[in-house]
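Visitor: Questions regarding the structure given below will be posed in turn.
Laboratory data are not the source of any read-out in this text; all were calculated from the coordinates shown. Just so it is clear, the model here is predicted, and its values are computed rather than measured. So basically every Cβ, Gly included, is an ideal-geometry build from the backbone, and we count neighbours across all protein chains shown.
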2 protein chains.
Amino acid sequence: MTTRADCASRDADDPVRSLRDNFTLDDSVIYMDGNSLGPMARQSREHVLRALDTEWAQGLVGSWNTSQWMDSPMILGDRLAPLIGAQPGEVLIADTITMMLAKLVGASLNFQSGRHVVLTDETNFHSDLYILDGVARFANRNIEVRRIDRYLLEEYLSEDVALVEFSHVDFRTGEMLDLHEITARVHDVGALMLWDLAHSAGAVPVDVTSADVDLAVGCTYKFLNAGPGSPGFCYIRGSLQDRLDNPLPGWLGHARPFDFDPDYVAAAGIRAFQTSTPPIIAMAALKGSLDVFEQTTMSELRDKSLALSTLFMDLVEERLSDHDIEVVTPREPFRRGSHVSLQVEGAYGVVQALIERGVIGDFRALEIARFGLTPLTLRFVDVFDAVDQLVQVLDGGEHLDPRFDHRNQVT
Amino acid sequence: MTTRADCASRDADDPVRSLRDNFTLDDSVIYMDGNSLGPMARQSREHVLRALDTEWAQGLVGSWNTSQWMDSPMILGDRLAPLIGAQPGEVLIADTITMMLAKLVGASLNFQSGRHVVLTDETNFHSDLYILDGVARFANRNIEVRRIDRYLLEEYLSEDVALVEFSHVDFRTGEMLDLHEITARVHDVGALMLWDLAHSAGAVPVDVTSADVDLAVGCTYKFLNAGPGSPGFCYIRGSLQDRLDNPLPGWLGHARPFDFDPDYVAAAGIRAFQTSTPPIIAMAALKGSLDVFEQTTMSELRDKSLALSTLFMDLVEERLSDHDIEVVTPREPFRRGSHVSLQVEGAYGVVQALIERGVIGDFRALEIARFGLTPLTLRFVDVFDAVDQLVQVLDGGEHLDPRFDHRNQVT
């Protein structure tokens, strides 16, 4: 049996253990929901305060120039790029992940005007499903969005397919798909591949360049720790950028915004996918979170993430074998992201009872309790203690308390 | 001639003079660009710090519930509503002004599916022009966007018109249009009226209810002082809300987001126009700015704004009659917003030379120097001093300095 002392000793040997010191986490809480909302780095607070006091309050409108506000969506995009294997000039911070999806799907449909099928995963995150349907309907040319079993992708690929949109890591199960293999198969039929990296950016190493990915979107509030409702990002492969048009154009994507040209002329490169004024205060928090990522590498973080998730799954299996609980996240390291999901009856109650005990995970219908293994902040002893609390909840039947009605769910 | 002492005496009598104390403005600067980026209220800083330290860092993901993050786009919308004469439940804070325009224009085109013309003002703000063209093109059913001379609107109104989109206050000249009259004429032919309130929300009293306005959008970073790149808002008349569909739907506009329903079912009311996770940190600054607006009324602010702009125009005419400079903002109070524009050769140089002298306005091509008269912060003596500096700039020909090349313009 794995002991707490074993875990403490692994913490002592952990090469990235000091990264936790960047965060303002309370030691009385074991935070395993960084996959939903990442914790706050001290640097994020500092950058936000600088944006408020120095840039906004003192610098006023001049900061668009003197504090590089105008170029910040591209500057921060370039800093985020290495986390997903993108090149400089291929990542833009703007809008929200779903609005970014709308732009990229719309642009792809126009680009692939001879094709009328979009494929997506029937178990994809719901915003992805909704926005694909919405954009396809709005494009008003009989676009068919097919929600498919992702394991049967090959059967659906044809010359009719304009675009395939999948999530790289499944929000519910934590399964990670094969970025390289799927992208290659999609390219075989001349379709574009658009990856949703919401649960992979900052969570697992991603290499959009070697996988030849066309398009990707992500959010920055999960594993990227940029704060509640922080902006989305998009990646567009360099060689595609002058062939795709932003279907929702605005003045900040114009080649010369201050000419106030009656005709829209797209800026060169990814800037053209900007529409509106960038969210400066929100992006300041992202700066701080990137400061932390720049202290390490995704490879180093991945090693720890896998060690944490392996430990978590091992402990669940060691200590909860007499309960009806199942690890639904794949055991093979290359098939999982950085969160682990447990299927258990009364999962909502399990999560709520754990929260009352200071272990924060989250619930996803039906009957999934989700636990994020954020290597920047989580310790091996935290994983041990979390499973210990889980054992007590299940042994005591605390999760069956009628107070825990999942119809009350807010997050 | 108006003297500085006259102005000081008007400040002493100003019933809203103490509102300036809410802001962190440096006395060495005369800030007349609140029409581009409003100044920071101390309350905004406090709310952002609370959002960071208490809500995010301590409350973590639980704050979606305990700090009302989930409902904040509607809660803050209800607080903004009185500034534009809207009712509770008619205003939503989300996205950016241009993305909000995309949603409302798309929804209107679907709603008015038997009509194929959209009218807009040929001198409208460029993001409006670009997004109207973009959405119309994307809708792919021969929508014709006609850019018209707004004074000739009657000539273009017909049963073919689906939607008219105008800016209430002209970003360049400061002219304010007749909200009631134009909305009524547009309704006469069964078209929807969508107003861009970017330069009127927080600047002038607006009454969308009595004018029977259908739709409106706005931004919160200008006269609403919510910080650089703060979110947009939309207004949808209550009686229209269940007849318009968000063309860019996302999970947070679903009636029950946490059911993870494969089918999109729109939430009741304006919430359906939400797509993605709300920008909590950015919205915290808006809370603070609304705290300030709630200390006064738009009517009281309007009185001061008109007094300031009248003074500014009078002083320009009194003291600069021997220069080739023209006030392009209408003299009639009911025909202007809360900024005044001067047409002068070398306007970019005029603005830059004034900035070097501590008077901050901005430049808009061609040859317009723009000055915001923000009644929350600006004093009568500031207006006097600003014109005094302007006299010195023009008398000395400082604006003709070759350093001031408007091709360097960033804001």
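Visitor: Once the Cα atoms of helix B:280-293 and of chain B are each reduced to a long axis, what angle between those two axes, in degrees from 0 to 90 to the nearest 10, is obtained?
Guide: 60
Visitor: A follow-up question, please. Taking the convex hull of the alpha carbon atoms in segment B:45-293, what volume per residue do you get, in Å³? Walk me through the numbers on the way to the answer.
Guide: Values: hull volume 29.5 nm³, N = 249.
Per residue, the Cα convex hull of segment B:45-293 comes to 118 Å³.
Visitor: With angles folded into 0 to 90 degrees, how steeply does helix B:298-319 sit against the dominant principal axis of chain B? Use alpha carbons for both and round to 10.
Guide: Computed tilt is about 40 degrees.
Visitor: Would you work out if segment B:7-153 is rounded, prolate or oblate? Take a ≥ b ≥ c from the square roots of the eigenvalues of the alpha-carbon gyration tensor; rounded if a/c is under 1.5, else prolate when a/b is larger than b/c, oblate otherwise. Can you show the working numbers first?
Guide: Values: a/c = 2.58, a/b = 1.39, b/c = 1.86.
Since a/c reaches 1.5 but b/c is at least a/b, the shape of segment B:7-153 is classed as oblate.
Visitor: Can you give the extra length, in nm with one decimal, that the chain gains between A:L49 and A:D149 once fully stretched, where that is 0.36 nm per residue apart less the Cα-Cα distance?
Guide: Separation in residues times 0.36 nm, less the Cα-Cα distance, equals 31.3 nm.
Visitor: How far is B:G358 from the same spot in each other copy, in nm, shortest first, if each label point sits 7 Å from Cα toward Cβ?
Guide: When each copy's label point is compared with this one, the spacings are 5.5 nm.
Visitor: Distances from B:R243 to the same position in the other copies: list them in nm, one decimal, shortest first, using label points 7 Å from Cα along Cα→Cβ.
Guide: Label-point distances to the other copies, shortest first: 4.5 nm.
Visitor: Give me a single rounded figure for B:220-229: the average over its residues of other chain Cβ atoms within 10 Å of their Cβ. Write out the running numbers ahead of the final one.
Guide: Details: counts 0, 5, 0, 0, 0, 1, 1, 9, 20, 15.
Mean inter-chain Cβ contacts per residue within 10 Å come to 5.
Visitor: Run lengths n ≥ 4 of DSSP H only: what is the helix-derived mean residue ellipticity at 222 nm for the protein assembly as shown, with -39500 (n - 2.57) per run over all residues, to the nearest 500?
Guide: Numbers: 24 runs with 276 residues, N = 822.
Calculated mean residue ellipticity at 222 nm is -10500 deg cm²/dmol.
Visitor: Can you list the lysines whose alpha carbon sits under 23 Å from that of B:K103, skipping same-chain ones fewer than 8 residues off?
Guide: Candidates past the 8-residue exclusion: A:K103, B:K222.
Visitor: While we're on this one: Mean projection of the alpha-carbon convex hull of segment A:105-209 over all orientations, in nm²?
Guide: Details: hull surface 25.1 nm².
Averaged projected area of segment A:105-209's Cα convex hull equals 6.3 nm².
Visitor: Rounded, prolate or oblate: pick one for the protein assembly as shown, where a ≥ b ≥ c are the square roots of the eigenvalues of its C-alpha gyration tensor, a/c under 1.5 means rounded, and failing that, prolate if a/b is larger than b/c, else oblate.
Guide: On the way: a/c = 1.96, a/b = 1.59, b/c = 1.23.
Prolate, since a/c reaches 1.5 and a/b exceeds b/c.
Visitor: In terms of the ratio Rg/(2.2 N^0.38 Å) built on C-alpha atoms, what value belongs to segment A:313-378?
Guide: 1.10
Visitor: Evaluate the relative contact order of chain B (contact order divided by residue number), counting alpha-carbon pairs under 8 angstrom at least 6 apart; express in whole percent. Could the numbers behind the result be given before it?
Guide: Values: 788 pairs, mean separation 93.3, N = 411.
Relative CO of chain B lands at 23 percent.
Visitor: When chain B is treated as a GNM, springs tying every alpha-carbon pair under 10 Å, which of B:L252, B:L376, B:L286 comes out with the largest mean-square fluctuation?
Guide: B:L252
Visitor: Specify the residue with the greatest mean-square fluctuation among B:Q392, B:Q343, B:Q58, computed from a Gaussian network of chain B linking alpha-carbon atoms under 10 Å apart.
Guide: B:Q58
Visitor: Taking the Cα centre of each part, how many Å lie between segment A:68-126 and segment B:210-263?
Guide: 23
Visitor: Taking a label point 7 Å from Cα toward Cβ, how far is A:T2 from its twins in the other copies, in nm, shortest first?
Guide: Ordered by distance, the counterparts are at 7.5 nm.
Visitor: Among B:F23, B:F166, B:T2, whose Cα sits farthest toward the positive end of the charge dipole of chain B (+1 at Cβ of Lys/Arg, -1 at Cβ of Asp/Glu, about the Cα centre)?
Guide: The one lying farthest along the dipole's positive direction is B:F23.
Visitor: How many Cβ atoms of partner chains, on average, are near each residue of B:316-328 if near means within 10 Å of its Cβ? Before the final figure, lay out each step's value.
Guide: Working: counts 0, 0, 0, 0, 0, 0, 0, 0, 0, 0, 0, 0, 0.
Partner-chain Cβ atoms within 10 Å, mean over residues of B:316-328: 0.
Visitor: Moving on. State log₁₀ I(q)/I(0) for segment B:345-387 at q = 0.16, 0.25, 0.26 Å⁻¹ as given by the Debye formula over alpha-carbon point scatterers of equal weight, solvent excluded.
Guide: After summing over all Cα pairs, the log10 values are -0.41, -0.88, -0.92.
Visitor: Work out the length of the dipole vector of segment B:45-293 about its Cα centre, built from +1 on the beta-carbon of each Lys and Arg and -1 on the beta-carbon of each Asp and Glu, and round it to the nearest 20 debye.
Guide: Working: 18 positive and 33 negative charges, 127 e Å.
Using Cβ point charges on Lys, Arg, Asp and Glu, segment B:45-293 gives about 600 debye.
Visitor: Give me the inter-chain shielding for B:270-278: mean count of other chain Cβ atoms within 10 Å, whole number please. Don't jump to the answer; show the numbers that get you there.
Guide: Values: counts 0, 0, 0, 0, 0, 11, 14, 11, 3.
Across B:270-278, the average partner-chain Cβ count within 10 Å equals 4.
Visitor: I would also like to ask the following. What is the magnitude of the charge dipole of segment A:301-391 about its Cα centre, with +1 placed on the Cβ of each Lys and Arg, -1 on the Cβ of each Asp and Glu, and no other charges, expressed in debye to the nearest 20? Numbers along the way, then the final one.
Guide: Working: 10 positive and 15 negative charges, 101 e Å.
Using only the charged Cβ atoms, the result is roughly 480 debye.
Visitor: To test your reading of the geometry: what angle, between 0 and 90 degrees and rounded to tens, separates the Cα axis of helix B:4-13 from the longest principal axis of chain B?
Guide: Result, in degrees: 40.
Visitor: Please report the Cα spread of segment A:215-326 along all three principal axes, rounded to whole Å, starting with the longest.
Guide: 70, 28, 26
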